[in-house]
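Enquirer: If you scroll down you'll find the structure; I have some questions about it.
The values are calculated or read from the model by the stated rules, or taken from the named source; none is laboratory data. As the structure is a computational prediction, the values presented were derived from the model and not from experiment. All Cβ positions, even for glycine, are placed from backbone atoms using ideal geometry, and neighbour counts span all protein chains on display.
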Amino acid sequence: MALTLAQKIIKAHLVEGTMEKGQDVAIHIDQTLTQDATGTMAYLALEAMDIPRVKTELSVAYIDHNTLQCGFENPDDHQFIQTVAKKYGIRYSRPGNGICHQVHLERFGKPGKTLVGSDSHTPTGGALGMLAMGAGGMDVAVAMGGGAYHIPMPKMYFVNLHGELPAWSSAKDIALYLLRILSVKGGVGAVIEWGGEGIKNLTVPQRATITNMGAELGATTSIFPSDEVTRAFLKLQGREEDWIPLASDEGAEYDKVIDIDLADVKPLLACPHSPDNVKEAAVLGDIKVSQVCIGSCTNSSLADMLRVAAILKGKTIADGVSLSISPGSRQVLSMLSSCSALQDMIAAGARILECACGPCIGMGFSPRSAGVSVRTFNRNFEGRSGTRDANIYLASPETAAACALTGYITDPNTLGTAPSVKLPDVFTIDDSGVIMPASPEEAKDLVSEKGPNIKPFPKGMPVGDEISAPLTLKVGDNITTDHIMPAGAKILPFRSNVPKLSDFCFTVCDETFPARARENENNFIVGGSNYGQGSSREHAALVPLYLGVRAVIAKSFARIHVANLINAGILPLTFRNADDYDRLDQGDDLTLKGILSGFESGNVTLADRTKGIEIPLVCDLTARQADMLKAGGLLNYTRENAK
C-alpha cells in the first residue's frame, strides 16, 4: 500500500493501534521540547512520575517565553527548570540562546524523527521532514518518561504547489493564503503535507514559516519532504550526517488535495482578530500603523532578517511608528552583527530586542491604546498583545518592513524592485548556550530547586456516573486559550502558581467568572465551535480544574485542548444537535447523567433542572481516555498503571 510521508513516520513509530482514520494510535516519541511558560508544570509532572532519567533520544528545555525578570518569579522558574534538566538528562537552552522552534530547527531537528513539544507551534519541525506535534505538558512528560503519545489517526491533506512566488511575496503569504481557504478549523484532525514542483525553491526557513502557521489551521501537524533543500540546510548547520531522504510513495492517497499556483499569492495580511481573516495588502492601504514587530518563531530566521535589513537600508522608519526586531536565535543575531545588516536596522530606527518570543505573547512591546500593530507573528487574538483594544495584523517580514517605512499598511510591491539577499556560505556554529545534563552517576545526588512561586499540581477528581453543577459560564465560537488563560507580562510569571493564575481565568470574557466559580463546589462551562483554539498551554485546563470545572460542553473542540481537558480530569462533551446550544443559559442548574455508561455508548444526557428539559450529548472518548477520566486525569492514571 502506498503511504504518505506522515503515514510512513507513524508506521515506523507505531506502538499501539491501527492506522485507520479516527482510531487511537500510540506513537513512540524520539524528541521532546519544552519552553519556560509551560515547562515548569511539565517538569513537576515528570518529577511526580518518579523516573530517574528521561528515555527519549533527545529532550531540550528552552527558556524563551518568560524572559522579562521584573520579580523573582521568572528567574526562579528558570532555576527550577535548569536543575531538573541537569538531573533528568535534559539539555537546557539558557535565556538569550533563542526561540525554541528556531533553535531546534537549527541544531537538533532530524528528518524522520517524532517530536512533541509543550508549545503549539512545535510543527515548525515539519520543515525538516519531522512528525512534530504540539501537546500539553503532561503528555510531554509522559513521552520523556518513555510513554507513547496518543492521537486519533489523522486524515491526510496534500497542498500541491506549482509555479513561483512573485518577487515581493513570501512563505508567510503562502500560509495566509491557505488560511483564507481552510479557516482556523479547516485542518482539524489532519496532517497537511506540502509538495509539488513549487517547493523546490522554498528554503527550510521558508518551509518552517509555513509549518509553523499550520497550527493556526488546527492541524495535527504539517510536513515537507526531506530533499536536497533539507540536506543543504543541515550542511550549513554542520549536521549533514543527520539528513535522510524522505517522501511520500508514488500513488499515496489523500483525503483532500489543494492546488495553489504560487503566481497567485500576493502580499497578504491577517486582520483583527483571527489568523484566517485574510485580505490583500493592496486593499488595506488607508490604515495608519503605530507599531511594527518583526520576529517570533514564525519569521525570525537569518534570511528573514537579512531581507528586512535590505529593505530598511539607507531609510528611516515613519514618524509615529515604533519598530521592534527580534532575531530568532543567538546564531541569527551573531551573524547579523558580523555584517552590516544589524547596523542597517538600527540606523533605520529599529529597536533590537533579545532572541525570545517577546511581543508575540504580550511579553513587552505592547501597542498603544487602540493602536494598529503589524506583526510577523502567528496569532492576532484579541488582547494577546497586552493591549486590550489594539488591532493586530499579521504579515510577512517584507510587508511589515514596508509598513514601518510608510506608516500605513502597505503593499511592498509599491517599494519598487525587491532586494535580493544571499546567505553566507558558512554559518556560525556555537552551542555554548546549551548546557548539557549531568551524567547518570552525578545526577543521583542532585535535587531540583523550587522557588516560593512554584505550587503543586491541582488534583484531578475521578469522574463518576453523575455530576450536578450550575452553568457558570457560557461562551461563543472560537474561544482561544488566550481567552481561557491569558498571556502577557503581568500574568505569565504565575504560570507555575495555579492558585494565583486562577484570578485571571476567563477574565477576557467575564471578569466575574473566577469569583463565581469559587462559590460552587462544581462548575460547568458551555462553549461554541472550536473551543480551546490556539496554544498548547495546559493551564487552560489546569486552572479551570482548580476552580472546580468538572465538564465542558461545546459544539466542537480544538485537538490539543480536548486532550488537555482529559489529562486534567475534566470531561469534554459535545452537543448531538448544535442547536441545543441555544437552549442553555448561564446560571441554569444542570446535571449530567449516565456518564460511565456513556463512556462505552457515546451518549450522555444533560438535564437542565431550571428549564425542565433534557439534551442529548456525545461522549467521544477512547477506552484509554475513559480510564484516565475515571482515574481523575493523566497523572493519576500514569501512577495507577505504573504499579
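Enquirer: Applying the selection to region 152-206, what residues are small (G, A, S) and assigned to a helix (DSSP H, G or I)?
Expert: Passing the criteria: A171, A175, G198.
Enquirer: Now a separate question. Among the residues of region 400-422, which ones are assigned to a loop (DSSP other than H, G, I, E, B) and surrounded by 15 or more Cβ atoms within 10 Å (Cβ to Cβ)?
Expert: G407, I409, T410, D411, A418, P419, V421
Enquirer: Which strands (runs of 3 or more DSSP E) sit wholly inside region 232-343 and have at least 1 residues that are of a type in the set (D, E) and surrounded by fewer than 23 Cβ atoms within 10 Å (Cβ to Cβ)?
Expert: Output list reads 256-261, 278-280.
Enquirer: Would you confirm whether or not region 90-99 contains a residue that is buried (at least 22 other Cβ atoms within 10 Å of the Cβ), assigned to a helix (DSSP H, G or I) and in contact (Cβ under 8 Å) with a residue 40 or more places away in the chain?
Expert: Within region 90-99, not a single residue is buried (at least 22 other Cβ atoms within 10 Å of the Cβ), assigned to a helix (DSSP H, G or I) and in contact (Cβ under 8 Å) with a residue 40 or more places away in the chain.
Enquirer: Of the residues F381, F365, F377, which is assigned by TED's automatic domain parsing to the domain that holds T298, in a loop (DSSP other than H, G, I, E, B), touching a Gly at 6+ places or on another chain (Cβ under 7 Å) and under 23 Å from L217 (Cα atoms)?
Expert: So the residue among F381, F365, F377 that is assigned by TED's automatic domain parsing to the domain that holds T298, in a loop (DSSP other than H, G, I, E, B), touching a Gly at 6+ places or on another chain (Cβ under 7 Å) and under 23 Å from L217 (Cα atoms) is F381.
Enquirer: Would you point out which residue out of A489, A418, A443, A438 is aliphatic (A, V, I, L, M) and closer than 30 Å to G534 by Cα?
Expert: A489
Enquirer: Taking R180 and the conditions (1) more than 19 Å from the chain's Cα centre (by Cα); (2) surrounded by 18 or more Cβ atoms within 10 Å (Cβ to Cβ); (3) more than 17 Å from L423 (Cα to Cα), which numbered condition does it fall short on, given that it satisfies the others?
Expert: With respect to (1) more than 19 Å from the chain's Cα centre (by Cα); (2) surrounded by 18 or more Cβ atoms within 10 Å (Cβ to Cβ); (3) more than 17 Å from L423 (Cα to Cα), R180 is out only on (2).
Enquirer: Can you find a residue in region 129-147 that is closer than 25 Å to F233 by Cα, assigned by TED's automatic domain parsing to the domain that holds G214, in a loop (DSSP other than H, G, I, E, B) and among the hydrophobic types (A, V, I, L, M, F, W, C)?
Expert: yes
Enquirer: Going residue by residue through region 439-459, is there one that turns out to be within 27 Å of the chain's Cα centre (by Cα), closer than 25 Å to R559 by Cβ and in contact (Cβ under 8 Å) with a residue 12 or more places away in the chain?
Expert: For region 439-459, residues within 27 Å of the chain's Cα centre (by Cα), closer than 25 Å to R559 by Cβ and in contact (Cβ under 8 Å) with a residue 12 or more places away in the chain: present.
Enquirer: Of all residues in region 360-399, how many are among the polar types (S, T, N, Q), farther than 18 Å from S326 by Cα and either crowded, with 21+ Cβ neighbours inside 10 Å or at pLDDT 95 or above (or both)?
Expert: 2
Rundown of residues vs (1) among the hydrophobic types (A, V, I, L, M, F, W, C); (2) surrounded by fewer than 18 Cβ atoms within 10 Å (Cβ to Cβ), yes/no style:
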| residue | (1), (2) |
| --- | --- |
| V463 | yes, no |
| E466 | no, yes |
| P470 | no, no |
| V475 | yes, no |
| L501 | yes, no |
| F506 | yes, no |
| C509 | yes, yes |
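Enquirer: So which residues in region 7-43 are modelled with pLDDT under 95, in a helix (DSSP H, G or I) and either over 21 Å from the mean Cα position of the chain (by Cα) or among the small types (G, A, S) (or both), if there are any at all?
Expert: Selection gives A37, G39, A42.
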